[in-house]
Structure formats: structure tokens, C-alpha cells
1. Along the charge dipole of segment A:1-146, which of A:Thr10, A:Thr38, A:Phe56 sits closest to the positive end, that is, farthest toward it, with unit charges on the beta carbon of Lys, Arg, Asp and Glu (+1, +1, -1, -1)?
2. Along the Cα→Cβ direction, 7 angstrom out, place labels at B:Glu49 and A:Asp340. What is the inter-label distance in nm?
3. Can you give the average number of partner chain beta-carbon atoms within 10 Å of each beta-carbon in peptide A:185-193, as a whole number?
4. Which whole-angstrom value gives the distance between the alpha carbon centres of segment C:6-47 and segment A:199-265?
5. Restricting to bridges with both residues inside segment A:1-120, how much of the DSSP beta-bridge set is antiparallel, in percent to the nearest 5?
6. Using the Cα centre of chain A as origin and beta-carbon charges of +1 (Lys, Arg) and -1 (Asp, Glu), tell me which of A:Val24, A:Val221, A:Leu326 is placed farthest towards the positive end of the dipole.
7. Count neighbours as other Cβ atoms within 10 Å of each site's Cβ, and list the trypsin sites (Lys or Arg not before Pro) in segment A:131-164 that are DSSP loop with at most 14 such neighbours.
8. Strictly over 22 Å apart at the Cα level, which of A:Lys276/A:Lys409; A:Lys276/C:Lys110; C:Lys68/C:Lys110; A:Lys68/A:Lys187; C:Lys46/C:Lys68; A:Lys187/A:Lys395 would you flag in this model?
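Each value in this text was obtained by applying a stated rule to the coordinates, not by laboratory testing. The shown structure was predicted, so the numbers you read here are calculated from the model rather than taken from an experiment. All Cβ positions, even for glycine, are placed from backbone atoms using ideal geometry, and neighbour counts span all protein chains on display.
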Amino acid sequence: MSRLIITGGTLLDHTGERPGSIAVADGHIVDVATTIDTTEHDTVLDATGCIVSPGFVDLHVHLREPGKEEAETIETGSRAAALGGFTAVVAMPNTDPAQDSVAVVEFVRAQGVRAGLCDVLPAGCITIGRAGERLAPYGELSAAGVHLFTDDGNGVQDPQLMRRALEYAGPLGIVLAQHCEVASLTKGAVMHEGSCCSRLGLPGWPAIAEELMVFRDIELVRLTGVRMHFLHLSTARSVQLVREAKAQGLPITAEAAPHHFTLTDEALAGYDPLFKVNPPLRTPADIAALKEGLADGTIDAIATDHAPHAPHTKEVPLDEAPPGMLGLETALALAITELDMPLAHIVGALSWRPAAIAGVAHRHGRPLVVGEPANITVFDPAAQWTVVPANLASKSRNTPYAGRHLTGKVRHTVFDGAAVVIDGVAQR
Amino acid sequence: MNSEPRVVLSRDDVRRAVTRIAHEIVERNHGAADLVLVGLQRGGMWIAEALASVLHTVDPTVTVPVGALDVSFHRDDVGLRPIVPGSVTDIPVPLDGRTVVLTDDVLFTGRTVRAALEALNEYGRPRAVQLAVMVDRGHRELPIRPDFVGKNLPTSRDEQVAATLDGVTIR
Amino acid sequence: MSTHAKHLLAIDDLTPEQIHHLLELTDHMVEVSGRSIPKVPALRGKNVVSLFFEDSTRTRTSFDTAAKRLSADTMNFTVSSSSVSKGESLRDTIETISAMGVDAFVIRHKSSGAPQMVTRWTNASIINAGDGWHQHPTQALLDCYTIRTGLNRRDGFDGLHIAIVGDIKHSRVARSDIQAFAALGARVTLVAPPTLLPPSIADWPVEVSHSLDPLLPHLDVLYLLRVQRERMADALLPSLDEYSAMYGLTAARAAKLPPHALVMHPGPMNRGVEMVVDPGELPGSAILHQVTNGVAVRMAVLFWLLGSGSDLKGDV
């Protein structure tokens, strides 16, 4: 029997950290020990100097297929995910057609299986077509295996509709996730409303447009008792509202994207559409609050909001450009380089905490113990590298970090017992 | 290249040269009537004013008008000489039928004078244009010759010549 | 003497010395424009292309006249949004035209930052003729020149009090003027209802007032901006009548201005809204001078960017 042996690393899961090696066969962990003898039938992945952790789970990825395959496909997005250490990604439903029917959901899932690089978990919509008017068929979709539902790209504007959505969703055991944006406050907005947009002469996206919906939904959770997840928090006040809500025992989770805790609105001073994103980049005070929120657990997960856009779409004036940045291949390094947090906490925010929110905690984020499914990431926390857009696996190139020197890189990724990334190279 | 400038004409030498040139102008033109002195850029203004002053002493009945001509927009060179503030062209009288005496501090390649002749066309049709310079340093690149010269000074191309009321130096 | 620059995108790219230099250069251009044949060969052989993605006959012809007076060759494109939406992107348009050999593009675009973006796709100099709400640098320069000559202030604007009244939030003219007036030392007060001010201007070199009347007797320049009908639809103003009653220049308000004060407007005017009195009746109106000065200022800018090159050794 041929095995996959991961040797010489430091094992890190939610139980703690210890040196060790892992043997994998048939999709599962079959041996964990300080050293493991290898035979010539085995594939050996050298993990010297590396952390060996459960594979990462990204709660927020735009794979663009079906509908915008020139920007990304499920295959190219999965490859980028695997290279970033992710063994599962939640595929956002703002595809065309939208993921609000079983047919589209099954298509997306099947494409993910065909690519075979990570688990592609299609998210459903909260409303049909994400139009904010009628509930999507949660029962039917959850029976088809969908766990997370969002209108991402839009927030649900109507409080009555959001209340009904939560009430209906309650008994189904699913998670509704909100893109918090009060649309009437952000009409035409291109960047954060503040001193930079005033100087640049651009319509602004005020922080309160996010905070009002965060507040509203916290109160709806309080009213209905049904849990909710907040996508891409971007303001200090949003973090504080969530902190208080959690302190009161409300069933709320939240995520933050690396670009929101590493870049400010001043990045747009040159009008470069690479820095245009929704919600927008904000102020140093917001960055500090997001980092604090990640450190104290108010923010449960790092989620990339990976949003590929074909190059020509970002070569237009700022107000015409679509918002969104790549994120899958830079998330780990940005977290290690920029967050002043213990590595175990960073890995938790990338791995077991999002796995729980995504409803896949039985397969991902597992402890590194014999019998568990083998979804494993091996990364070198000290590796130095420079971001070169042309070298990214994504079909698009819209990363705001071109030329940036980062610390931390994935060396190997094991998905479902197979080594899909070896020495930083995708195997399929 | 030397860094210390060498004095070629003293202040007194310059004053005498100006006086001599003024007399030569009057002699050549049979009097000071119908003359207009036009100083080129900044470098030629002091000569125009000094000549006007001497001419007025010679014949107090005549006041020769003094104009300023900036030729930066007419140069033929690739990198144009930057405009020096304060030398906006000002030609106080129409030039038709008059004799213009263009003045400049140093005559070198002749290109500035060519540009000046072109620029002067905008202000009328003079009967004649004559050229008075304090120093002719040679190295002409165009068929331009001065009518009145303070001093002929052979130089090498990379030397710098400065001519003011205080004297003429070379370095 | 000011160092040469490659583009004119925004007033805050210029030092106060460079602004002074351009205003002094404008004096020369006024003289050239006064000649019987107002033309000099300074930019002969240069290609100046106007790309106006928002039409403005006045500004476009002002630039065209300026380029022609310097003997440059010109091409004018007014790109209506329908022709761009036929599939040719801004980048394609710029690269195609650049291939014909362009020394300078004069660009007006509805999107803030578009001229800056264009600098990536061509080696030509870029002159911003107005981008969205962001900047209109040649307008600010001609406004400064108008004040400089109208109030005889060649050394700068120290001690001058200038009020800019109207829709500051959406005004590229205001953003450029504020920077230029302040760079020259003026005291600038913005007068507008709070909804027509940009969200964060705490670090701008201005004071703010929501009331025009108390300021009038103390002003040296009253600068009026256009207020558009569309602002009512966005809940920024209840009505243009109300705006006019509170901020419009009526005969009564004009009478409160000191006798030397200039009244200015970048045009086109909304009669009856920001300008209630007939400007022809206002002795202090410098509006027509603004238009005339526009050509000379644009000549100065074109010459500064394309013609004034590096220092020569003193050859004659």
C-alpha cells in the first residue's frame, strides 16, 4: 500500500502544537508519530521547518463560473485555493445564473469535484436572483447539501424580508450570511467616505452604511434567536457591535478579509482600480479594530472575498471599474506578516473556525489524529517571497499586492488524502 | 575651464565703448531722428538704456524710444531658453519706416539675432535694422554681422563671456 | 526659473513657485495675443490632441486657439459616450491616437482620475481639462491670473479674502481654485449648505460658512459656482428657489460688496439661481476677463509643458 508521508514538521491543530510526522492513506490519517519510517512505495512530503495544520477553509470566494469564465473558472479558482493552502472554499452565489436553484448548485459542485483540488461548497442565495424580494428555496437547497446562504454583492435591504428569512431558516440548521450595506447610503460610491474621497472628488461609501445593517441584523437575531454570519466586516464600529452582541450570548459569527486589515483608503490616491473593493478599504483606525477583533476572537475567520476580474475590466476609470481583489494565494502570508497574533490563532481563523461556520467541521479543520480525513496544509511560516501577479494560478491578475514582500508560504497541500500541491506546485 | 573670471574690459572701458557706439550710431544714421533702440531679452536692455541716455546728452532735442524684445518663442533650438520673468516684449512705437538698432550684450552664434529679426516683423516694417553689441566673440553659425561693436574678443566655444555696465569678463 | 514638468493633472502637483511662473508666462502670452498676427512659432511641429469625453465648446476651443497661436498642429475629438460604448475602451482610444504621434493630450472626462490613468498608456504630456469632480487646473490658473490683474496683485494673494459659493462637493473648479488661491496666500472661505460640502474637509486650507451675507462687505473676490437642477433629486437641496434666496447674488447682495471686489464665475451660468442680478450690470464682474484670459493661460501651460525644455548655455 502506498502512503503519503509528511515528515519533520510541527503539527498544529486546535489541541495544540507538537513536532511530528503524519502518514496518509485512503483519504485518511493512518499514523501520527514523532518519526515515521518510509518505504520506496511512499510519497514523501518534506515538512522540515514547516507547520503542519488542518487544511484551510475560505468562507468567501467568487469562482465566477457559471457566467464570467473569462475572469476565473472553478478549476483555476480551485487551483489558486489549493496553492493558498485551502482544502475547502465556499463559492459565492452571484454567478450567472445565480446559485438559487438546485440545478446550478449541483453544476458548481460537480465542477469542483472534476477539478479535484479542494472541496467547492456552493452557497445559496437568501433571495431569488439576489434581488431582495422573495425568499430562495432554503429547504430544497439545504436538502441538496447547501449550508450557507447569502446575497453577497448586495445586502438584504428590507427588514421585514430579513426577519422572515431568519425565521424560516431557523429549523433548517443553515447559516444566513449578510453583506452589510444599506444601498440608499452608497449610491454611486467608489471608495470609503472620508478625507481621501473628498480630496479625490469621488462619491463615498460611509461606514454607517455597513454599521446600520450590522445593528439591524443583530437585533433581528436577538428577536428570532436564529444564528447569522457577517461577511467582510470593514469598520471599527461593526467590530464593536459584534463584540457586544457576542458578549450578550447571541449566535453571531463574523469574518474579515486580509485586504481590509492591510490596506487603507489612501491606496486609491492614484485612482488605481486594483484597490477598488466592496466594502471599501478604510482607515488606520478601522485596520487596528479589525486586527484587535481577530486577536480577541470577535472576528471568527479570515475569509478572502477572492474576486477575480479580467485585466481589461480594471483598466478603465475608477468609477467604471468593478470592485474586487484576488485573495486566495496571499491570505496566509498577509495574516502571518501583518497580524500580531500567535500562529495557532491565525491557523484557527483560517481553518477550524471557518470550517464550523461552513458546516464542514466533520471533514475540515479536524485534529491531526489517526482516523481523521486527510485535509492538511503544510506551510513555512518564515518563507520570504514577493508577489508576482503573472505567477499566480488565478486566471486574473487583480491583486493589490504586486511587488509586495511577504512572509509565509504554503509548501504542500493534501486534499482528501491526495497531494494536490507539492513544493508550491499544483499537481493538477 | 578656469573658474576665476578674467577681466577684459573695466567699467570705465565699457562706459567709453558705449559713448563711442552712440556717436557711431548718430554718424551712420545722420542724426538720431527716427531711431528706435530695442534691447534683446535681458542681456541687451542695459545697453539700449545706456545708449539712449548718451544719445539724449548728445542731442537733447531728441528722445530715442527704448523697447524690449523677448525672442523665446521664435528660437529655432530644440531646448528653448526658459522665459525670464520681467522681460515681456514691449515695443512702445510702431516700427514702420523707422531705423531699429537692436542691442545685445554678447554676439555669438547669431541665432538669437535671427529670432529677433523674425519677431520684429510682428511690430511693423522698419526701414532698416542695425545691430549694436558690446562684445563679438566669434563662432557665427548664421550670416549675421554687427554694425556696432564694443570689443572684438576671440574666444573658444566653451568659454563664457559676461558683459554688463560693470565690465566684461571671460572664463 | 521653474523646473519643467511632464503633465498638468492637478493644482496640488504644482509648487507656489511654479504657479507664479505660469502666471508670469501668461503675461508674455497676453502680449503675443495682442499682436496683429497673434502667432509665434514656439510649438511648431508639435501635435496637440484634444479628447473631450464631456463636451464643452468653450474650453475645447480655448485650448485649440491656444495651441494654434503657438503654431502647434491640433486635432479635436469629442467622444460621445455612445461611440466609446461601441467597444473601444479609453485605453484603446488613447493608444490608437498616440500611434499617430502626439506630443500632448488635452483630456476632459466625466470620471475623476481618468487623465491620471491615461498617463500609463502614452508617452505624451497630459493636460487635465476637467476630470469628474476632481480638478480643472487651467481654470484655476486663469482664475488666479484674472485676480492678479484685476486686483493688481503680482506678488501673491496675501491678505485677500476670497469666498467660493455653491456646490463645492461636486465641483472640480472649486477643488482646483481652493488649492491655487491658498498656495498664493489667500484666505479662502467656502459658503454652501452642509449638503453641498464634501464629507471631510477638516484638513483643507479653508474656512466654512453657511451664511453669505455677513461675509460680503469683507470680500475681495466673490466666486460663484453653478448649481445644478439634479442636486434636488439627490436630496441635497429642497429647491433652487431656496438656494437662490439664501446664496444667490441679487442686486441687494451685490450692493454689499466693497467697490473693488471682483465677481467671478467659471460658466456657464444658471441665471436666476446663483446669479440673480445681470452680470452686465455689475462693475466688479470679471467673468468676461476669465474667458479672455483662458486662451493666454492655456498658451502658457502648453509652452511650459512642451516648449520650455532644459537650460541652454548662454549662446546668442
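1. Checking the options against the dipole of segment A:1-146, the answer is A:Phe56.
2. A separation of 6.6 nm, rounded to one decimal place.
3. Working: counts 0, 0, 1, 1, 0, 4, 0, 1, 3.
Partner Cβ neighbours, averaged per residue: 1.
4. Cα centroid to Cα centroid, the span is 52 Å.
5. Numbers: 13 of 25 bridges.
Counting DSSP beta bridges with both partners in segment A:1-120, the antiparallel share is about 50 percent.
6. A:Val221
7. Values: sites: A:Arg134, A:Arg163, A:Arg164; in loops: A:Arg134.
Answer by residue number: A:Arg134.
8. On the way: A:Lys276/A:Lys409 26 Å; A:Lys276/C:Lys110 18 Å; C:Lys68/C:Lys110 26 Å; A:Lys68/A:Lys187 24 Å; C:Lys46/C:Lys68 10 Å; A:Lys187/A:Lys395 30 Å.
The pairs that break the limit, which is 22 Å between Cα atoms, are A:Lys276/A:Lys409; C:Lys68/C:Lys110; A:Lys68/A:Lys187; A:Lys187/A:Lys395.
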